[in-house]
1. Going by amide H atoms built from the backbone, whose H comes under 5 Å of the H on Val3, apart from near neighbours?
2. Can you work out the accessible area per residue across region 56-96, with the rest of the protein chains kept in place, probe 1.4 Å, in square angstrom?
3. Could you give each residue of region 15-24 its phi-based ³J(HN,Hα) in whole Hz, using Karplus coefficients 6.51, -1.76, 1.60 with θ = phi - 60°, and x for Gly or Pro?
4. Would you kindly derive the ³J(HN,Hα) couplings of region 102-119 from the backbone phi angles with the Karplus curve 6.51 cos²θ - 1.76 cosθ + 1.60 (θ = phi - 60°), listing them in order in whole Hz, with x for Gly and Pro?
5. Pairs Lys122/Lys142; Lys166/Lys187; Lys122/Lys150; Lys148/Lys176: which are spaced more than 20 Å apart, C-alpha to C-alpha?
6. Sum -39500 (n - 2.57) across every DSSP H segment of at least 4 residues in the chain, then divide by the residue count to get the 222 nm mean residue ellipticity, nearest 500.
7. In what order, largest first, do Leu147, Leu192 sit by accessible area if the probe radius is 1.4 Å?
8. Under a 10 Å cutoff between Cα atoms, tell me which one of Gly51, Gly170, Gly134 has the largest fluctuation in the Gaussian network model of the chain.
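The values are calculated or read from the model by the stated rules, or taken from the named source; none is laboratory data. Everything numeric in this text was worked out from a predicted model, so none of it was measured. These area figures cover heavy atoms from the full protein model, side chains too; ligands, DNA and RNA do not enter into them. Shrake-Rupley method; radii C 1.70, N 1.55, O 1.52, S 1.80 Å.
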Amino acid sequence: MIVFSDANNPKMEQAIEQVCHNLGVSYTRVPQTIHNVDPMCYKAPASFRHGEVVQYAFETVGFKHDDIVMLIDSDIFLIHDFNVHEFMQDYDMYTVFNHTLLPQLTFLNIPMLKNIETLSFKAGFADDNLIDVGHRTIHYTKAHPELKLKISNLLWGLERMNLNEKVDLGPQLAAKNFTPDEIDLIKSIFKLGRESKNFYDA
(Lines give C-alpha, C1' and ligand atoms only; values in the text may rest on other atoms or scores of the structure.)
Protein backbone atom coordinates (compact mmCIF):
# COMPACT_ATOMS: atom_id res chain seq x y z
CA MET A 1 0.00 0.00 0.00
CA ILE A 2 1.25 3.47 -0.90
CA VAL A 3 -0.39 6.66 0.33
CA PHE A 4 -0.01 9.62 -2.02
CA SER A 5 -0.36 12.77 0.05
CA ASP A 6 -1.43 15.98 -1.65
CA ALA A 7 -1.71 18.03 1.56
CA ASN A 8 -1.35 21.71 0.69
CA ASN A 9 -0.07 22.90 4.08
CA PRO A 10 2.83 21.72 6.27
CA LYS A 11 0.69 20.85 9.31
CA MET A 12 -1.53 18.42 7.41
CA GLU A 13 1.42 17.03 5.51
CA GLN A 14 3.23 16.23 8.77
CA ALA A 15 0.10 14.65 10.27
CA ILE A 16 -0.41 12.32 7.28
CA GLU A 17 3.26 11.41 7.19
CA GLN A 18 3.21 10.59 10.92
CA VAL A 19 0.12 8.38 10.63
CA CYS A 20 1.70 6.47 7.73
CA HIS A 21 4.91 6.08 9.72
CA ASN A 22 2.98 4.76 12.74
CA LEU A 23 1.14 2.22 10.58
CA GLY A 24 4.20 1.19 8.58
CA VAL A 25 2.57 2.32 5.33
CA SER A 26 4.61 3.65 2.42
CA TYR A 27 4.21 7.38 1.97
CA THR A 28 4.82 9.52 -1.09
CA ARG A 29 4.62 13.29 -1.00
CA VAL A 30 3.03 14.68 -4.16
CA PRO A 31 4.99 17.71 -5.42
CA GLN A 32 2.72 20.74 -5.47
CA THR A 33 4.32 21.91 -8.70
CA ILE A 34 2.12 19.48 -10.66
CA HIS A 35 -0.80 21.80 -9.93
CA ASN A 36 0.85 24.70 -11.74
CA VAL A 37 0.68 23.00 -15.12
CA ASP A 38 -2.96 23.57 -16.12
CA PRO A 39 -4.03 27.24 -16.20
CA MET A 40 -7.67 26.17 -15.86
CA CYS A 41 -7.06 24.59 -12.46
CA TYR A 42 -8.44 27.55 -10.55
CA LYS A 43 -11.92 26.92 -12.02
CA ALA A 44 -12.28 23.51 -10.38
CA PRO A 45 -9.41 23.12 -7.90
CA ALA A 46 -10.61 20.03 -6.03
CA SER A 47 -11.44 18.07 -9.18
CA PHE A 48 -8.26 19.12 -10.96
CA ARG A 49 -6.07 18.37 -7.95
CA HIS A 50 -7.64 14.93 -7.56
CA GLY A 51 -7.11 13.99 -11.19
CA GLU A 52 -3.55 15.27 -11.26
CA VAL A 53 -2.63 13.33 -8.11
CA VAL A 54 -4.12 10.09 -9.44
CA GLN A 55 -2.26 10.56 -12.71
CA TYR A 56 0.97 11.30 -10.84
CA ALA A 57 0.54 8.10 -8.80
CA PHE A 58 0.12 6.01 -11.95
CA GLU A 59 2.94 7.65 -13.87
CA THR A 60 5.43 7.28 -11.01
CA VAL A 61 4.40 3.83 -9.74
CA GLY A 62 1.19 2.30 -11.11
CA PHE A 63 1.98 2.02 -14.81
CA LYS A 64 5.32 0.35 -13.98
CA HIS A 65 3.83 -2.28 -11.67
CA ASP A 66 3.91 -5.93 -12.75
CA ASP A 67 0.65 -7.02 -11.16
CA ILE A 68 -2.83 -5.75 -10.30
CA VAL A 69 -3.05 -2.15 -9.11
CA MET A 70 -5.93 -1.22 -6.80
CA LEU A 71 -6.85 2.46 -6.80
CA ILE A 72 -8.76 3.22 -3.60
CA ASP A 73 -9.90 6.70 -2.60
CA SER A 74 -9.30 7.92 0.95
CA ASP A 75 -12.98 7.63 1.92
CA ILE A 76 -13.58 4.16 0.46
CA PHE A 77 -13.54 1.19 2.84
CA LEU A 78 -13.38 -2.42 1.65
CA ILE A 79 -15.65 -4.23 4.09
CA HIS A 80 -15.38 -7.85 2.93
CA ASP A 81 -12.20 -9.90 3.00
CA PHE A 82 -11.34 -11.05 -0.51
CA ASN A 83 -8.48 -12.25 -2.70
CA VAL A 84 -7.91 -9.68 -5.44
CA HIS A 85 -6.55 -12.26 -7.90
CA GLU A 86 -9.59 -14.48 -7.45
CA PHE A 87 -11.83 -11.42 -7.72
CA MET A 88 -10.23 -10.32 -11.00
CA GLN A 89 -9.82 -13.84 -12.42
CA ASP A 90 -9.26 -13.31 -16.18
CA TYR A 91 -10.41 -9.68 -16.23
CA ASP A 92 -8.21 -6.76 -17.25
CA MET A 93 -10.05 -4.05 -15.33
CA TYR A 94 -12.63 -3.68 -12.61
CA THR A 95 -14.76 -0.56 -12.67
CA VAL A 96 -17.97 0.56 -11.07
CA PHE A 97 -19.88 2.17 -13.91
CA ASN A 98 -19.77 1.18 -17.59
CA HIS A 99 -16.51 2.01 -19.40
CA THR A 100 -15.44 4.86 -17.10
CA LEU A 101 -12.74 4.16 -14.53
CA LEU A 102 -13.65 6.18 -11.48
CA PRO A 103 -10.74 7.18 -9.24
CA GLN A 104 -12.68 6.20 -6.13
CA LEU A 105 -12.37 2.46 -6.78
CA THR A 106 -10.70 0.86 -9.79
CA PHE A 107 -8.55 -2.27 -10.23
CA LEU A 108 -6.19 -2.59 -13.19
CA ASN A 109 -4.29 -5.70 -14.28
CA ILE A 110 -1.33 -3.68 -15.55
CA PRO A 111 0.55 -6.43 -17.47
CA MET A 112 -2.55 -7.10 -19.57
CA LEU A 113 -3.10 -3.47 -20.64
CA LYS A 114 -1.78 -2.17 -23.98
CA ASN A 115 -0.67 1.44 -24.43
CA ILE A 116 -1.29 1.99 -20.74
CA GLU A 117 0.56 5.32 -20.86
CA THR A 118 -2.38 6.78 -22.83
CA LEU A 119 -4.77 6.24 -19.92
CA SER A 120 -5.63 9.57 -18.29
CA PHE A 121 -7.55 10.33 -15.11
CA LYS A 122 -7.06 14.10 -15.37
CA ALA A 123 -9.99 16.49 -15.28
CA GLY A 124 -10.22 19.28 -17.82
CA PHE A 125 -12.42 21.48 -19.96
CA ALA A 126 -13.73 20.83 -23.46
CA ASP A 127 -15.85 23.58 -25.01
CA ASP A 128 -16.18 25.15 -21.55
CA ASN A 129 -17.69 21.93 -20.17
CA LEU A 130 -15.91 20.19 -17.33
CA ILE A 131 -14.69 16.68 -18.05
CA ASP A 132 -14.49 15.50 -14.48
CA VAL A 133 -11.76 13.40 -12.95
CA GLY A 134 -11.77 9.87 -14.35
CA HIS A 135 -14.11 10.54 -17.26
CA ARG A 136 -11.27 10.75 -19.78
CA THR A 137 -10.61 7.07 -19.16
CA ILE A 138 -13.55 6.19 -21.39
CA HIS A 139 -11.33 7.14 -24.36
CA TYR A 140 -8.93 4.37 -23.36
CA THR A 141 -11.57 1.68 -22.82
CA LYS A 142 -13.36 2.54 -26.08
CA ALA A 143 -10.04 2.45 -27.98
CA HIS A 144 -9.40 -1.07 -26.70
CA PRO A 145 -12.58 -3.10 -27.26
CA GLU A 146 -10.64 -6.28 -26.50
CA LEU A 147 -10.48 -5.32 -22.83
CA LYS A 148 -12.20 -7.70 -20.44
CA LEU A 149 -14.03 -5.37 -18.08
CA LYS A 150 -15.55 -6.48 -14.81
CA ILE A 151 -18.31 -3.99 -14.14
CA SER A 152 -20.53 -3.75 -11.09
CA ASN A 153 -23.28 -1.36 -10.12
CA LEU A 154 -21.72 -0.94 -6.72
CA LEU A 155 -23.97 0.63 -4.12
CA TRP A 156 -22.27 2.70 -1.46
CA GLY A 157 -23.59 5.01 1.19
CA LEU A 158 -26.49 4.51 3.56
CA GLU A 159 -29.14 5.98 1.27
CA ARG A 160 -28.21 3.83 -1.72
CA MET A 161 -28.26 0.75 0.52
CA ASN A 162 -31.73 1.77 1.72
CA LEU A 163 -30.59 2.07 5.32
CA ASN A 164 -32.25 4.30 7.89
CA GLU A 165 -29.50 6.05 9.83
CA LYS A 166 -31.96 7.25 12.49
CA VAL A 167 -32.37 3.76 13.92
CA ASP A 168 -29.89 1.03 14.81
CA LEU A 169 -27.94 -0.02 11.72
CA GLY A 170 -27.13 -3.46 13.17
CA PRO A 171 -30.40 -5.29 12.37
CA GLN A 172 -30.63 -3.58 8.98
CA LEU A 173 -27.14 -4.72 8.00
CA ALA A 174 -27.74 -8.21 9.42
CA ALA A 175 -30.78 -8.49 7.15
CA LYS A 176 -28.44 -7.80 4.21
CA ASN A 177 -26.20 -10.72 5.32
CA PHE A 178 -23.31 -8.71 6.74
CA THR A 179 -21.31 -10.55 9.39
CA PRO A 180 -21.09 -9.25 12.99
CA ASP A 181 -17.49 -8.07 12.42
CA GLU A 182 -18.50 -6.28 9.23
CA ILE A 183 -21.44 -4.66 11.00
CA ASP A 184 -19.18 -3.38 13.78
CA LEU A 185 -16.77 -1.95 11.20
CA ILE A 186 -19.52 -0.25 9.19
CA LYS A 187 -21.07 1.25 12.32
CA SER A 188 -17.70 2.56 13.52
CA ILE A 189 -17.03 4.14 10.10
CA PHE A 190 -20.47 5.73 10.11
CA LYS A 191 -19.97 7.04 13.65
CA LEU A 192 -16.61 8.54 12.71
CA GLY A 193 -18.11 10.18 9.63
CA ARG A 194 -20.98 11.64 11.64
CA GLU A 195 -18.60 13.02 14.27
CA SER A 196 -16.43 14.57 11.55
CA LYS A 197 -19.49 16.18 9.93
CA ASN A 198 -20.62 17.62 13.27
CA PHE A 199 -17.11 18.97 13.84
CA TYR A 200 -16.98 20.75 10.48
CA ASP A 201 -20.57 22.00 10.78
CA ALA A 202 -19.67 23.55 14.14
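1. Long-range HN contacts for Val3: Ser26, Tyr27, Thr28.
2. Each residue of region 56-96 exposes 62 Å² on average to a 1.4 Å probe.
3. Whole-Hz 3J(HN,Hα) from phi for region 15-24: 5, 5, 4, 5, 4, 4, 4, 5, 8, x.
4. Karplus values, whole Hz, x for Gly and Pro: 7, x, 5, 7, 8, 10, 10, 8, 3, x, 8, 9, 8, 6, 4, 5, 8, 6.
5. Over 20 Å apart, Cα to Cα: Lys122/Lys150; Lys148/Lys176.
6. On the way: 6 runs with 71 residues, N = 202.
For the chain, the value works out to -11000 deg cm²/dmol.
7. My answer, sorted largest first, is Leu192, Leu147.
8. In the Gaussian network model the winner is Gly170.
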